[in-house]
Every structure is written in structure tokens, then in C-alpha cells.
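This report refers to the structure that appears directly beneath it.
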Amino acid sequence: MSVINKTVLEANAIPNVAIDFMNNTHVEEIELVKKVGDVIAEYEQRETFTSEEIKVLNDLLHEWLHHTEEHFARENELMQKISFPMYSVHLSEHERVLENMIEVIQSWDRNFDINRLANFIFSAWPEWFNNHVNSMDMVTAQFAVMNGFDPHATVAVD
């Protein structure tokens, strides 16, 4: 599979939400996914990886997974703290995407399925992330600030 668009996302293409720590996390996540995308694009040009390059990609994927788990946990904590009315909807979206991400990474770990991984990195994830930030995260942050959460707080909870 040759993915035509090798652009993941640019941080400046994602709107800022009303809470700084969420914006910072979104930028970090995009930068991590761009690193993964660069490695995949290199692989697709050469169609082979050395064992060291596989290790680099594995490490990046697992770093991204860990970052995403922490990202979602902080947002989930914030939603609980502010009694966000759509908590269960936002939470279930986090759970669904995390499950999908784990599945794609495990597929790579088992079968080195670069096509599935490339599709997720260059197509499925950017589309989901952009939509998620523009909808659920935007509304969550606005609700939090409107209900007294300090937009400049460095963490979701006290």
C-alpha cells in the first residue's frame, strides 16, 4: 500500500480549546504521531527495515500509546471534576479509539503490518483527532471554564 498523503497533522491546523494543558497535550500528541509517520514513510520508500529501525518504530508506537493513555486519563479526570454532562459519551470515545490504537499497534508487533499502521497514522487517526478536538474537546473545555476551571491550570485535578 502506498499512502499518497504523508502528512499526519500540523499542530497549527488544530484549533485551541479553552484550557492550556489540553492544547499542550494535543501538540505533543501530533508531534509524536508525525515522528511515527516519518518512520513509516521512510519504510515505504525502502520497503524494508533493519532490526534497529523496527525497534525505533516500536519504541515510538509504545511512547505514543503511553502518551495517549495519559492524555485521555487527564481529560477523563477533568470531566469527572467538573461533572461534565456528556462524560459518558466523551469517555466512550476515548475508550473506543484507545482500543483501536492498541489493536493496530499489536497488529504491527505481531505481523509488521505496515499497511494497516500507515492507514491508521495517515488517514484514520488524523481524521478522528481533528474531529474529536473540534467537537468533544472543544465543548468539554468550554464547559469547564464556564464552570470555574482555571484555563491556565497545569493539571486537570487539584
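No value in this document is a laboratory result; all are computed from the given coordinates. Nothing here was measured: the structure is a model prediction, and the numbers come from that model. Note that each Cβ is placed from the backbone with ideal geometry, even for glycine, and that neighbours are counted across all protein chains shown.
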(message) Which of 89, 39, 133 ends up with the largest GNM mean-square fluctuation for the chain, with Cα atoms connected below 10 Å?
(response) 89
(message) Whole-Hz ³J(HN,Hα) for each residue in the range 63-78, computed from phi via Karplus 6.51 cos²θ - 1.76 cosθ + 1.60 with θ = phi - 60°, x for glycine and proline: what do you get?
(response) 5, 5, 4, 4, 4, 5, 4, 5, 4, 5, 4, 5, 5, 4, 4, 4
(request) Would you calculate a helix-derived [θ] at 222 nm for the chain, using -39,500 (n - 2.57) for each DSSP H run of n ≥ 4 and dividing by the full residue count, to the nearest 500? (result) -22500 deg cm²/dmol
(message) Under a Cβ-only charge scheme (Lys and Arg +1, Asp and Glu -1), can you give me the dipole magnitude of the range 1-82 about the Cα centre, in debye to the nearest 20?
(response) 180
(message) Please compute the Kirkwood hydrodynamic radius of the range 21-84 from all pairs of different C-alpha atoms, in Å with one decimal.
(response) 13.3
(message) At 7 Å along Cα-to-Cβ for each site, give me the label-to-label distance between residue 103 and residue 55 in nm.
(response) 3.1
(message) Test of understanding: given the chain, find the longest segment containing no GluC sites (Glu not before Pro) that are in a DSSP loop and have at most 16 other Cβ atoms within 10 Å.
(response) 48-158
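Around residue 93, under 14 Å between beta carbons, what's the net of Lys plus Arg minus Asp minus Glu among the other residues?
Local charge sum for residue 93: -4.
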(message) Can you tell me the mean projection area, over all orientations, of the convex hull of the range 100-150's alpha carbons? Units nm², please.
(response) 4.4
(message) Can you give me the distance in nm between label points at residue 150 and residue 110, each placed 7 Å from the Cα along the Cα-to-Cβ direction?
(response) 4.7
(message) So for the chain, considering every pair of alpha-carbon atoms, how many percent are separated by more than 22 Å?
(response) 42
(message) Using the crude model of +1 on Lys and Arg Cβ and -1 on Asp and Glu Cβ, and no other charge, please compute the dipole size for the range 1-154 relative to its Cα centre, in debye to 20.
(response) 260
(message) For a quick check, take a GNM of the chain with Cα springs below 10 Å and name the residue from 140, 68, 48 with the largest mean-square fluctuation.
(response) 48
(message) I want to make sure I understand the PRE zone here: with the label point 7 angstrom from the Cα of residue 134 toward its beta carbon, which residues in the range 9-35 have backbone N atoms less than 11 Å away?
(response) 14-15
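Please work out how much length the chain gains when fully extended from residue 42 to residue 66, using 0.36 nm per residue of separation minus the C-alpha to C-alpha distance, in nm with one decimal.
Values: separation 24, 0.36 × 24 = 8.64 nm, distance 2.35 nm.
Full-extension gain reported as 6.3 nm.
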